[in-house]
1. Return the pairs, sorted by first residue and then second, in which the second residue is of a type outside the set (Asp, Glu) and open to solvent by less than 60 Å² (accessible area, probe 1.4 Å), the first residue lies in segment 9-24 and is closer than 16 Å to residue 39 by Cβ and in contact (Cβ under 8 Å) with a residue 24 or more places away in the chain, the beta carbons are less than 8 Å apart, and the residues are 6+ apart or on different chains.
2. Can you tell me which residue is most open to solvent (accessible area, probe 1.4 Å) among those in segment 27-59 that are at pLDDT 85 or above and small (Gly, Ala, Ser)?
Amino acid sequence: MAEPRPSDVAGLFDEHGAELLRYCAGRVGPTVAEDVVADTFLIAYQRRDRLADGPALPP
């Protein structure tokens, strides 16, 4: 497995951030949703060495 780069997490954010924000906003409201999404991607960045190559689930 290749060492994930910080830009990999940025790519995940670009690809999934808006959808995750909409989902979270529907569950906890827009203000808290922003914090949830920020924390999610902060943790993803901190644990980027554990990111797997390829999709997590089959298409």
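1. 9/41; 9/44; 9/51; 12/41; 12/44; 13/41; 17/37; 17/41
2. From segment 27-59, those at pLDDT 85 or above are 27-47; that's our starting set.
In the following step, the residues that additionally are small (Gly, Ala, Ser) were identified as 29, 33, 38, 44.
Working: 29: 20, 33: 0, 38: 58, 44: 22 Å².
Checking each candidate, the answer is 38.
The values are calculated or read from the model by the stated rules, or taken from the named source; none is laboratory data. Being a predicted model, the structure only gives us computed values, none of them experimental. Here Cβ is always computed from backbone atoms with ideal geometry, including for glycine, and neighbour counts include all displayed protein chains. Note: accessible area is taken over every heavy atom of the protein model, side chains too, but ligands, DNA and RNA are not part of it. Shrake-Rupley method; radii C 1.70, N 1.55, O 1.52, S 1.80 Å.
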